[in-house]
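Data first, discussion second: the structure below is written as structure tokens.
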Amino acid sequence: MPSSSSDIAEVRERCRRLVRRRAALAAGVSAVPIPGVDIVSDIKLFTQLIDEVNTAFGLTAEQVEKLQPKYRMIAYEASVSVGGMLVGKLITRDLVFKLLAKSGKKLVPKQASKIVPLAGQVASAAIGFFAFRQIGYLHVDACVKVAEELLAAKKI
């Protein structure tokens, strides 16, 4: 778990780079003209990403359970207050699928664009990249807020 504000900032930037790399990989798979392959890939990549970001911030389910009860409660309360539904929780495919379904408005055009050759593949890749990156950034920001709340509580 990051132990200072500068540690949190460093972990945040490292995780944002990871999000961009995974988003680029997801975009590459989105360009494949086979419907459905990209959704399976997105779920797998996003599940791995969430686990890695949670681990980097010390916020996996196991890490949070090892905190003192006072800090564990702060972590859960902070997670709920920032809307970080994936912070400090065991990540399952069902949970990731529900999250991706919430951003389904972006996924429908992505799937529909596969019908149009080349231009559709490029559009699908671009939509996939931006949707994946945005969801990833939101999760990183939620983890930052939880880590900052824990850090502030430890200073008191």
Worksheet item: Of (1) surrounded by 17 or more Cβ atoms within 10 Å (Cβ to Cβ); (2) touching a residue at least 24 places away in the same chain (Cβ under 8 Å); (3) under 19 Å from residue 132 (Cα atoms), residue 64 satisfies all except one. Which?
Response: (3)
Discussion item. Would you confirm, using the coordinates I've provided, whether residue 75 is assigned to a helix (DSSP H, G or I), at pLDDT 60 or above, in contact with an Asp or Glu (Cβ under 8 Å, 6 or more places away or on another chain) and farther than 30 Å from residue 37 by Cα?
Written reply: yes
Discussion item. Looking only at residues that are of a type in the set (A, V, I, L, M) and assigned to a helix (DSSP H, G or I) in the stretch 56-72, which one is modelled with the highest pLDDT?
Written reply: 56
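Among the residues of the stretch 11-23, write down those that are hydrophobic (A, V, I, L, M, F, W, C) and either more than 16 Å from residue 123 (Cβ to Cβ) or loosely packed, with under 15 Cβ neighbours inside 10 Å (or both). Walk me through how you get there before you give the answer.
Start the filter on the stretch 11-23 by keeping residues that are hydrophobic (A, V, I, L, M, F, W, C), which leaves 11, 15, 18-19, 23.
Passing the criteria: 11, 15, 18, 19.
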Fill in: Single residue of 87, 80, 53 found to be at pLDDT below 75, on the phi < 0 side of the Ramachandran plot and either crowded, with 18+ Cβ neighbours inside 10 Å or of a type in the set (Phe, Trp, Tyr) (or both)
87
Worksheet item: When both residues are 6+ apart or on different chains and their Cβ atoms are under 9 Å apart, which pairs have a first residue that lies in the stretch 131-156 and is over 17 Å from residue 77 (Cα atoms), and a second that is among the acidic types (Asp, Glu) and buried (at least 18 other Cβ atoms within 10 Å of the Cβ)?
Response: 131/42; 132/42
Worksheet entry | Those residues of the stretch 26-42 which are of a type outside the set (D, E, K, R) and touching a helix residue (DSSP H, G or I) at 6+ places or on another chain (Cβ under 6 Å), in sequence order | 26, 27, 29, 30, 31, 33, 35, 41
Worksheet item: Which of the residues that make up the stretch 113-152 are at pLDDT 85 or above and more than 15 Å from the chain's Cα centre (by Cα)?
Response: 147, 148, 149, 150, 151, 152
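The values are calculated or read from the model by the stated rules, or taken from the named source; none is laboratory data. Note that the coordinates shown come from a computational prediction; the quantities given were computed from them, not determined experimentally. Reconstructed Cβ throughout: ideal geometry from the backbone, glycine too, with neighbour counts over all protein chains shown.
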